[in-house]
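The structure appears right after this line, and notes come after that.
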Amino acid sequence: PSAPVLLDIRDLCVRFGGIAALDGPSLAVRQGEICGLIGPNGAGKTTLFNCVSRLHQPDSGSITLGGQDLLRLRADQIAGAGVARTFQSPGLFTSLTVVENVLVGAYHRTPGGLGAATLALPSVARHERRQRVRAMAVLDELGLADVADRVAAGLPFGTLKRVELARALMCDPRLLLLDEPANGLIHGEVMELAAVIATLCRERGLSVLLVEHHMAMVMAVSHHVVALNFGRKIADGAPEEVRAHPDVVAAYLGSA
Ligand code: ATP
C-alpha cells in the first residue's frame with residue numbers, strides 16, 4: 001500500500017578533480033513522503049541537491065521525477081517540471097512586501113516567464129489578480145496572512161523562512177528540496193517550521209527532500225532517512241534505525 005515513487009535517483013556520480021563528491025548513491029522519495037538526507041560536512045548532500053535542481057550536471061547516473069528524465073532539463077525548466085527548492089539563506093527582496101516576494105515565485109508559471117507584458121493588457125491584469133489570490137491563499141496556508149503587506153526587512157528570521165517556503169509553493173511543486181531550513185532558527189521556530197512542512201505534505205501530497213543538520217527536526221518530520229558519508233550511502237530506512245546505525249554513529253563521531 002505504499003505510495004508510488006516520485007523522485008528516483010540511481011547511481012549518481014560527481015567528481016571534482018580527484019574527489020568523488022558523489023560515489024554512486026541511489027535513493028527514492030515516494031509521493032507525499034518526507035525524506036531526510038543527513039551526513040557529516042562534505043558528505044555530498046549539497047552536490048546531490050544541485051544535481052536534482054540542475055545547477056550541476058552529474059558525471060553519470062540517473063534522476064527521474066514521476067518517470068521524467070530530469071537530467072535532460074536545464075535549471076530554468078525545473079520549476080515547470082514540478083521541482084522547487086529553497087536555499088540555506090532566504091534570498092528574499094528586503095524592500096518588497098511579503099506578498100510581493102511570494103509573487104516573484106509565480107513568474108515561473110507565467111507563459112513566457114517575465115514576458116507577461118506581451119499579453120493583452122486586460123489579460124495581464126486578470127492574470128496578476130489571479131496570482132495575487134493564489135499568493136494570499138498560500139500565505140494563509142502557512143499562517144502568514146497577517147504579515148502579507150509588511151516589508152520583508154525587519155521580519156523575524158523564522159517568518160522569512162516561511163515566506164521563502166510560500167514562494168517555492170507558488171510554482172505548485174510536486175517535489176520540494178529544502179536546504180537546511182532550520183539553519184539560523186531557534187529551537188521553537190525549528191519545530192514550528194517542521195510542523196508546517198509536515199502539514200504541507202499531508203494536505204498537498206507534496207514530496208520533500210530535506211537536507212538538515214538539526215537532527216531533532218529530521219527525526220520529527222522524516223518518513224525515511226538516507227545517510228551519506230564521503231559521497232556514499234551508508235544507511236537508508238526508518239529515522240530511528242538510521243540514527244542508531246553503527247556506520248552513521250561512526251561517521252558523525254569521526255567528523256566531530
Ligand atoms: P555540508 O554539510 O558541509 O554542506 P555536504 O554534504 O553538502 O556538506 P558537499 O558540499 O556536497 O557536501 O561536498 C561534497 C564534497 O565535494 C566535498 O569534499 C567538497 O569539498 C567537494 N566539493 C563540493 N563542491 C565543489 C566544487 N565546486 N569544487 C570542488 N569540490 C567541491
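Which number do you get for Rg(Cα) / (2.2 N^0.38 Å) in the chain?
1.03
Go through 244-252, 228-236 and give me the packing order, highest mean Cβ count within 10 Å leading.
228-236, 244-252
Working out 0.36 nm times the residue gap between D76 and L253, then minus their Cα-Cα distance, what length gain in nm do you get to one decimal?
Between D76 and L253, full extension yields 59.8 nm more.
Give me the percent relative contact order of the chain, please, defined on Cα pairs under 8 angstrom at least 6 residues apart.
Reported relative contact order: 29 percent.
Ordering H224, H213 by how much accessible area each has at a 1.4 Å probe, largest first, what is the list?
H213, H224
May I ask what percent, to the nearest 5, of DSSP beta bridges between residues of the chain are antiparallel?
55 percent
Work out the FRET efficiency for L96 and A198 from their Cβ-Cβ distance, taking R0 = 41 Å, and round it to the nearest 0.05.
Plugging the Cβ-Cβ distance into 1/(1 + (r/R0)^6) gives 0.90.
Find the relative contact order for the range 174-256 and round it to a whole percent, using C-alpha pairs within less than 8 Å whose residues are 6+ positions apart.
24 percent
Multiplying the sequence separation of R126 and D140 by 0.36 nm and subtracting their Cα-Cα distance, what value in nm do you get?
Length gained, R126 through D140: 2.9 nm.
By the scheme Lys and Arg +1, Asp and Glu -1, what is the net charge of all other residues having a beta-carbon under 14 Å from that of L253?
Around L253, the surrounding residues sum to 0.
Once the Cα atoms of helix 246-255 and of the chain are each reduced to a long axis, what angle between those two axes, in degrees from 0 to 90 to the nearest 10, is obtained?
Around 80 degrees separate the two axes.
Ignoring ligands, DNA and RNA, what percent of the 1.4 Å accessible area of the chain is carbon and sulfur?
55 percent
If one computes the Cα centroid of the range 52-97 and of the range 174-207, what distance in Å separates the two points?
Taking the Cα centre of the range 174-207 as reference, the centre of the range 52-97 is 18 Å away.
Roughly how tilted is helix 157-169, in degrees to the nearest 10 and between 0 and 90, from the longest Cα axis of the chain?
With rounding to tens, the tilt is 80 degrees.
Given the whole protein assembly as supplied and a 1.4 Å probe, what does the accessible area of D140 come to in Å², nearest 10?
Here the accessible area works out near 100 Å².
Helix 187-204 against the longest principal axis of the chain: what's the angle in degrees, Cα atoms only, rounded to the nearest 10?
With rounding to tens, the tilt is 80 degrees.
The values are calculated or read from the model by the stated rules, or taken from the named source; none is laboratory data. From a predicted model like this one, the values you see are computed outputs, not experimental measurements. Cβ atoms come from the backbone with ideal geometry, glycine included; neighbour counts cover every protein chain shown. Each accessible area value is taken on the protein alone, full model and side chains, heavy atoms only, with ligands, DNA and RNA left out. Shrake-Rupley method; radii C 1.70, N 1.55, O 1.52, S 1.80 Å.
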